[in-house]
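Single-structure report; data block below.
The values are calculated or read from the model by the stated rules, or taken from the named source; none is laboratory data. Treat the numbers as computed from the prediction; the structure is a model and nothing was measured. Using ideal geometry, Cβ is built from the backbone for each residue, glycine included, and neighbour counts are taken over all protein chains shown. The protein model used for the area step is the full one, side chains on, heavy atoms only, and it has no ligands, DNA or RNA in it. Shrake-Rupley method; radii C 1.70, N 1.55, O 1.52, S 1.80 Å.
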Amino acid sequence: MKLEDWSAEAIPVDFVDKARWPQVKESLSAAVAAIADSVRFEGKPGNLLVAPALDGAAARAFFGVEEPEAKKRDPFLAGKLATGLPPGLYRLGEGVADPGQAALAFLLSSYAFTRYVAARPESPRLCAPQGVDRARIERIASAVALGRDLVNTPANDMGPEALAEAALGLAARYGAQARAIVGDALLAENFPLIHAVGRAAAQPPRLVEFTHGPEDGLKVTLVGKGVCFDSGGLDIKPSSAMALMKKDMGGAATALALAAMLMDAGLPVRLRVLLPIVENSISANAFRTSDIYRSRKGLTVEIGNTDAEGRLILADALACASEDQPDLLFDFATLTGAARVALGPELPPFYTGDDALAEAIFAQGRAANDPVWRMPLWENYDGGLDGKISDVVSVTSGGFSGSIVAALFLRRFVADPARWAHFDVYCWNPSTKPGRPEGGEVQSARLLYDLIEKRATERAKA
């Protein structure tokens with residue numbers, strides 16, 4: 001995802017609001033003003049006016065934005081330019097409040113998943129606004145595109161082998177130290193829950209791990225759920241619930257997108273990424289409801305439902321991550337439908353044991369237009385996870401508070417919950433909105449990139 005070099009010859013796009021438009025209109029030629037009247041352009045938010053030159057090509061464009069005092073604002077509204085403008089080279093003109101954010105919105109909206117279709121028609125191109133951090137904007141947009149591509153790719157081409165190869169390829173690009181533990185080797189290296197969940201699939205389960213950056217940097221560990229397709233296992237899902245299960249590896253895609261941002265930026269961060277990668281399938285050796293397994297941490301886990309598999313593979317990975325005592329530990333998972341019932345597809349809940357970390361995450365989410373919402377680790381529900389013939393059960397007997405219960409389950413495998421945050425992401429846009437095309441999405445990575453960058457830089461200066 002790239003911006004073009006700035007050019008004065010590019011077609012300017014001026015941003016105007018409804019209150020300012022009459023004044024702008026008076027400065028236009030009679031011909032352009034007549035065109036504006038003919039299409040009823042009044043500077044309404046999201047409306048676009050392209051004024052042609054004598055040869056019919058675009059010569060100038062106007063884009064309607066919210067008035068400064070508007071209570072409801074879309075920071076990514078400028079993304080509509082990527083799909084509304086005719087092909088050509090454009091530059092941001094007058095009235096742009098935040099050129100960097102507008103350029104990022106343009107790139108995020110320019111994304112299209114074209115792996116299985118003919119080449120898309122020529123699209124408009126945008127010059128990098130003067131004075132913005134072009135490299136940073138392109139870094140974020142490219143990493144988001146990477147994550148979206150992984151989520152959008154169906155499981156026949158994005159099974160455990162392909163997802164692991166994508167992770168190892170990213171690690172190799174930045175010179176990270178990487179390895180993959182595959183199949184029965186998971187048992188030898190004490191990852192029994194990952195093995196149990198994925199052993200029934202044609203492609204064996206695996207754990208991909210890579211590390212990058214200076215050893216004295218801020219220690220950040222990312223864990224991403226990599227369930228390449230979730231049939232539900234023996235507790236099989238109905239067909240309607242399987243329709244989007246190719247995106248059940250969205251947590252791993254999010255971790256890889258964030259890792260790409262951090263490594264490309266060359267921050268003083270000691271990054272560690274752990275991706276448990278499986279397909280939750282059905283065969284004679286599939287794990288069963290009521291099975292009991294000893295986890296990496298040593299806790300025995302009774303399986304309450306084979307469709308609650310994501311928390312199991314995360315449990316082993318989080319236990320492993322905790323052994324290294326990171327300064328920050330983040331996990332990402334398309335974990336529960338309950339999260340979507342509570343907050344919908346656009347607002348992922350997150351959980352942490354530290355109030356200060358929670359406030360920082362929430363504030364950074366608002367600043368980056370990458371929203372998240374804190375949910376409680378409600379202690380009264382934790383007892384429902386106590387097993388009768390095991391240390392812990394994977395699900396509680398009631399159907400309430402599913403996202404909270406899942407987070408409480410994960411917390412049992414984290415050594416220091418004050419340094420940990422769990423993100424129950426959806427990783428899918430049901431419809432197209434500015435900056436967020438329909439399809440696979442990366443949620444929470446942009447805000448955490450900003451947060452980690454700030455903390456790593458402050459630590460290096462101390």
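Take the residues in the range 84-103 that are of a type in the set (A, V, I, L, M) and more than 20 Å from Gly147 (Cα to Cα); name whichever of them is surrounded by the fewest Cβ atoms within 10 Å (Cβ to Cβ). Step through it out loud before you land on a result.
Taking the range 84-103 and keeping what is of a type in the set (A, V, I, L, M), we get 85, 89, 92, 96-97, 102-103.
Going one step further and asking which of them are more than 20 Å from Gly147 (Cα to Cα), we end up with 85, 89, 92, 96-97, 102.
Details: Leu85: 21, Leu89: 15, Leu92: 25, Val96: 18, Ala97: 13, Ala102: 25.
In this case the residue turns out to be Ala97.
So, in the range 116-132, how many residues would count as being at pLDDT 95 or above and either within 20 Å of the chain's Cα centre (by Cα) or surrounded by 12 or more Cβ atoms within 10 Å (Cβ to Cβ) (or both)?
Total satisfying the criteria: 7.
Run down Gly365, Gly353 and say which single residue is in contact with a Pro (Cβ under 9 Å, 6 or more places away or on another chain), within 30 Å of Gly100 (Cβ to Cβ), in contact (Cβ under 8 Å) with a residue 12 or more places away in the chain and of a type in the set (Gly, Ala, Ser). Give the derivation first.
Values: Gly353 fails: within 30 Å of Gly100 (Cβ to Cβ).
Within the list Gly365, Gly353, the selection yields Gly365.
Which one of Ile313, Ile282 is surrounded by fewer than 21 Cβ atoms within 10 Å (Cβ to Cβ) and either out of contact with any strand residue (DSSP E or B) (no Cβ under 9 Å at 6 or more places or on another chain) or in a helix (DSSP H, G or I) (or both)?
On the way: Ile313 fails: surrounded by fewer than 21 Cβ atoms within 10 Å (Cβ to Cβ).
Answer to the selection: Ile282.
Looking at the range 371-381, can you tell me whether even one residue there is open to solvent by 60 Å² or more (accessible area, probe 1.4 Å) and among the hydroxyl-bearing types (Ser, Thr, Tyr)?
Scanning the range 371-381 turns up at least one residue that is open to solvent by 60 Å² or more (accessible area, probe 1.4 Å) and among the hydroxyl-bearing types (Ser, Thr, Tyr).
Among the numbered criteria (1) in contact (Cβ under 8 Å) with a residue 60 or more places away in the chain; (2) closer than 19 Å to Glu42 by Cβ; (3) out of contact with any helix residue (DSSP H, G or I) (no Cβ under 8 Å at 6 or more places or on another chain); (4) not aliphatic (A, V, I, L, M), which single criterion is violated by Lys72?
(1)
Considering only the range 220-247, how many residues are crowded, with 19+ Cβ neighbours inside 10 Å and of a type in the set (D, E, K, R)?
So the count comes out to 4.
Collect the residues in the range 201-231 that are within 23 Å of the chain's Cα centre (by Cα) and of a type in the set (Gly, Ala, Ser), keeping them in residue-number order.
Gly213, Gly224, Gly226, Ser231
I'd like to know if the range 249-259 contains one or more residues that are open to solvent by 10 Å² or more (accessible area, probe 1.4 Å) and either hydrophobic (A, V, I, L, M, F, W, C) or modelled with pLDDT of 95 or more (or both).
Applying the first criterion (open to solvent by 10 Å² or more (accessible area, probe 1.4 Å)) to the range 249-259 yields none.
No: the range 249-259 contains no residue that is open to solvent by 10 Å² or more (accessible area, probe 1.4 Å) and either hydrophobic (A, V, I, L, M, F, W, C) or modelled with pLDDT of 95 or more (or both).
Might you let me know whether the range 26-33 holds any residue that is within 24 Å of the chain's Cα centre (by Cα), free of Cβ contacts under 8 Å to residues at least 40 places away in the same chain and open to solvent by less than 30 Å² (accessible area, probe 1.4 Å)? Lay out the reasoning, then the answer.
Residues of the range 26-33 within 24 Å of the chain's Cα centre (by Cα): none.
The answer is no, given that none of the residues of the range 26-33 is within 24 Å of the chain's Cα centre (by Cα), free of Cβ contacts under 8 Å to residues at least 40 places away in the same chain and open to solvent by less than 30 Å² (accessible area, probe 1.4 Å).
Picking from Phe106, Phe63, which residue would you name as being open to solvent by less than 50 Å² (accessible area, probe 1.4 Å), in a strand (DSSP E or B) and closer than 17 Å to Lys433 by Cβ? Explain how you work it out, then say what you get.
Numbers: Phe106 fails: in a strand (DSSP E or B).
Going through Phe106, Phe63 in turn, just one is open to solvent by less than 50 Å² (accessible area, probe 1.4 Å), in a strand (DSSP E or B) and closer than 17 Å to Lys433 by Cβ: Phe63.
Which ones in the range 426-436 are within 19 Å of Arg340 (Cα to Cα) and either open to solvent by less than 10 Å² (accessible area, probe 1.4 Å) or among the polar types (S, T, N, Q) (or both)? Walk me through how you get there before you give the answer.
Step one: list which residues in the range 426-436 are within 19 Å of Arg340 (Cα to Cα), which gives 426-433, 436.
Within the range 426-436, Cys427, Asn429, Ser431, Thr432 qualify.
Against the condition open to solvent by 10 Å² or more (accessible area, probe 1.4 Å), under 23 Å from the mean Cα position of the chain (by Cα) and without any contact (Cβ under 8 Å) to a residue 40 or more places away in the chain, how does Ala145 come out, does it pass? Break it down into steps so the answer makes sense when it comes.
Working: open to solvent by 10 Å² or more (accessible area, probe 1.4 Å): yes; under 23 Å from the mean Cα position of the chain (by Cα): yes; without any contact (Cβ under 8 Å) to a residue 40 or more places away in the chain: no.
Against the criterion (open to solvent by 10 Å² or more (accessible area, probe 1.4 Å), under 23 Å from the mean Cα position of the chain (by Cα) and without any contact (Cβ under 8 Å) to a residue 40 or more places away in the chain), Ala145 does not qualify.
Can you pull out the residues in the range 405-425 that are open to solvent by 20 Å² or more (accessible area, probe 1.4 Å) and not in a loop (DSSP other than H, G, I, E, B)? Give the steps one after another, and end with the answer.
Of the range 405-425, the ones open to solvent by 20 Å² or more (accessible area, probe 1.4 Å) are 411-412, 415-419.
Once the filter is applied, which keeps residues that are open to solvent by 20 Å² or more (accessible area, probe 1.4 Å) and not in a loop (DSSP other than H, G, I, E, B), the range 405-425 yields Arg411, Pro417, Ala418, Arg419.
Go through (1) touching a residue at least 60 places away in the same chain (Cβ under 8 Å); (2) of a type in the set (A, V, I, L, M, F, W, C); (3) part of a helix (DSSP H, G or I); (4) out of contact with any Asp or Glu (no Cβ under 7 Å at 6 or more places or on another chain) one by one and return the number of the condition Phe330 breaks.
So Phe330 meets the others, but not (3).
Yes or no: Ser390 at pLDDT 95 or above, in contact with a strand residue (DSSP E or B) (Cβ under 7 Å, 6 or more places away or on another chain) and either part of a loop (DSSP other than H, G, I, E, B) or surrounded by fewer than 16 Cβ atoms within 10 Å (Cβ to Cβ) (or both)? Please lay out each step first, then the result.
Details: at pLDDT 95 or above: yes; in contact with a strand residue (DSSP E or B) (Cβ under 7 Å, 6 or more places away or on another chain): yes; either part of a loop (DSSP other than H, G, I, E, B) or surrounded by fewer than 16 Cβ atoms within 10 Å (Cβ to Cβ) (or both): yes.
When the stated conditions are applied, Ser390 passes them.
Looking at the range 437-447, which of its residues are under 19 Å from Pro349 (Cα atoms) and either of a type in the set (Val, Ile, Thr) or surrounded by fewer than 22 Cβ atoms within 10 Å (Cβ to Cβ) (or both)?
Initial filter on the range 437-447 (under 19 Å from Pro349 (Cα atoms)): 440-447.
The one that is under 19 Å from Pro349 (Cα atoms) and either of a type in the set (Val, Ile, Thr) or surrounded by fewer than 22 Cβ atoms within 10 Å (Cβ to Cβ) (or both): Val442.
If you scan the range 393-404, which residues turn out to be open to solvent by less than 20 Å² (accessible area, probe 1.4 Å) and in a loop (DSSP other than H, G, I, E, B)?
Ser394, the sole residue that qualifies.
What residue, of Val273, Val197, is among the β-branched types (Val, Ile, Thr), farther than 17 Å from Asp324 by Cβ and crowded, with 21+ Cβ neighbours inside 10 Å? Steps first, answer last, please.
Numbers: Val273 fails: farther than 17 Å from Asp324 by Cβ.
Exactly one of Val273, Val197 is among the β-branched types (Val, Ile, Thr), farther than 17 Å from Asp324 by Cβ and crowded, with 21+ Cβ neighbours inside 10 Å, namely Val197.
Enumerate the pairs (first residue in the range 383-404 and on the phi > 0 side of the Ramachandran plot; second residue anywhere and aromatic (Phe, Trp, Tyr)) with beta-carbon separation below 8 Å, excluding pairs fewer than 6 apart on the same chain, so at least 6 apart or on different chains.
Ser401/Trp378; Ser401/Tyr381
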